[in-house]
Amino acid sequence: MNIFFAIIAAVTIAAAVAAMSLRNLVHCALALAVAFAGLAAAYLELGAQFVGFTQILVYVGAVAILVVFAILLTRGSETSPHSVLSAGWLSGILVAVAVLAVLVYAIAKSFVLQNAVPAQPTVTVKQIGEALMTKFVLPLEVVGLLLTAALIGAVIIALKEEGKK
Amino acid sequence: MNQIATQLNPLAGYLILSAFIFAIGLAGALTRRSAIIVLIGIELMLNAANLNFIAFWRFSEHPEALTGIMFAIFSIGVAAAEAAVGLALIIAIYRHYKSANMDDVNSLKG
């Protein structure tokens with residue numbers, strides 16, 4: 001448990017809490033980008049460079065921008081005078097705390113923590129590319145098909161409804 | 001023995017961090033009215049699962065199999081598709097109901 005991990009964990013958790021609790025939705029989106037960047041730093045710390053940079057490209061670069069677009073298109077940037085919490089917020093908090101307690105209990109009791117810590121594995125992008133093109137070629141094709149279908153579907157859903165002008 | 005292992009093993013730190021991010025995302029998705037915040041909460045929960053995959057890959061006995069990294073990469077791809085469709089749905093709902101709040105979308109409520 002080194003100092004880098006402590007900093008990364010503190011920044012990520014603080015940004016995630018801010019993304020879930022701020023009133024202005026644009027501020028939430030910015031805090032979300034910080035949380036995603038913190039997770040990318042955690043991936044780099046774990047030795048998964050490719051996943052870390054993919055995280056930055058896809059989440060910080062694309063998903064956060066998409067969220068900002070959606071906020072501006074739905075006028076969510078105007079802070080509403082009503083409460084930002086839904087009707088059953090208390091039970092929601094209770095469910096989240098219960099889930100956290102169960103997860104922490106399971107982690108503390110887990111047998112995998114008894115294993116010795118192995119040396120840092122080194123994995124190059126060449127290895128990942130070769131695995132994607134040989135062992136994992138079918139899932140790769142399926143993900144490509146899924147992304148194509150999802151993007152066409154997103155455009156069709158967001159098109160204007162017919163007959164409403 | 002259990003306590004000592006929990007304190008020394010770095011895997012536990014990553015798993016606890018992942019559990020916290022998951023719980024924060026769940027709390028946001030369950031308590032906020034804005035549909036966009038609900039979607040952000042779901043994205044945070046997906047990211048917490050990805051962090052678990054990478055952490056278990058790093059501390060596994062056979063990291064050369066690359067399974068954890070591959071699962072995380074495919075999970076990021078699926079999450080990107082999910083975000084695009086989800087935000088398109090929110091825009092369509094906003095155009096129909098003139099609101100992006102979950103409490104206002106209650107046509108199917110009995």
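A short reminder: the numbers here are calculations on the coordinates, not readings from a lab. Note that the structure is a prediction, hence the values are computed from the model and not measured. Cβ coordinates were reconstructed from backbone atoms using ideal geometry, including for glycine residues, and neighbour counts include every protein chain displayed.
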(message) Give the average, rounded to an integer, of partner chain Cβ atoms located within 10 angstrom of each Cβ in A:26-38.
(response) 2
(request) Choose one of B:Gly41, B:Ala88, B:Ala12: the residue whose Cα lies farthest towards the positive end of the charge dipole of chain B (beta-carbon charges +1 Lys, Arg; -1 Asp, Glu; about the Cα centre). (result) B:Ala88
(message) Suppose a student asked you for the relative contact order of chain A, using Cα pairs under 8 Å spaced at least 6 residues apart; what percent would you report?
(response) 17 percent
(request) Could you give the DSSP H helices of chain A that reach 18 angstrom or more along their long axis (alpha carbon positions) and whose average Kyte-Doolittle hydropathy is no lower than 0.5? (result) A:3-21, A:25-45, A:89-108, A:137-158
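Under a point-charge model restricted to the Cβ atoms of Lys and Arg (+1) and Asp and Glu (-1), what is the dipole moment magnitude of the protein assembly as shown relative to its Cα centre, in debye to the nearest 20?
620 debye
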(request) Would you mind giving the mean number of other chain beta-carbons within 10 Å of the Cβ of each residue in A:5-17, as a whole number? (result) 4
(request) List the DSSP H helices in chain B whose Cα atoms stretch 24 Å or more along the helix axis and whose mean Kyte-Doolittle hydropathy is at least 1.6. (result) B:10-31
(message) I'd like the distance between the alpha-carbon centres of the range B:37-73 and the range A:85-142, rounded to an integer number of Å.
(response) 4 Å
(message) Just to check, using Stokes-Einstein with a Kirkwood Rh over alpha carbon pairs, what's the diffusion coefficient of the protein assembly as shown at 20 °C and 1.002 mPa s in µm²/s?
(response) 108 µm²/s
(message) Given axes a ≥ b ≥ c from the Cα gyration tensor, I'd like to know whether chain A is rounded (a/c under 1.5), prolate (a/b larger than b/c) or oblate.
(response) oblate
(message) Just to be sure I follow: if Rg is taken over the C-alpha atoms of chain B and Rh is the Kirkwood radius over the same atoms, what is Rg/Rh?
(response) 1.13
(request) Please give every one of the lysines within straight-line cross-link reach of A:Lys160, meaning a C-alpha to C-alpha distance under 25 Å, and leave out same-chain neighbours fewer than 8 residues apart. (result) B:Lys98
(request) Find the centroid of the Cα atoms in the range A:1-61 and in the range B:87-110, then give the distance between the two in whole Å. (result) 29 Å
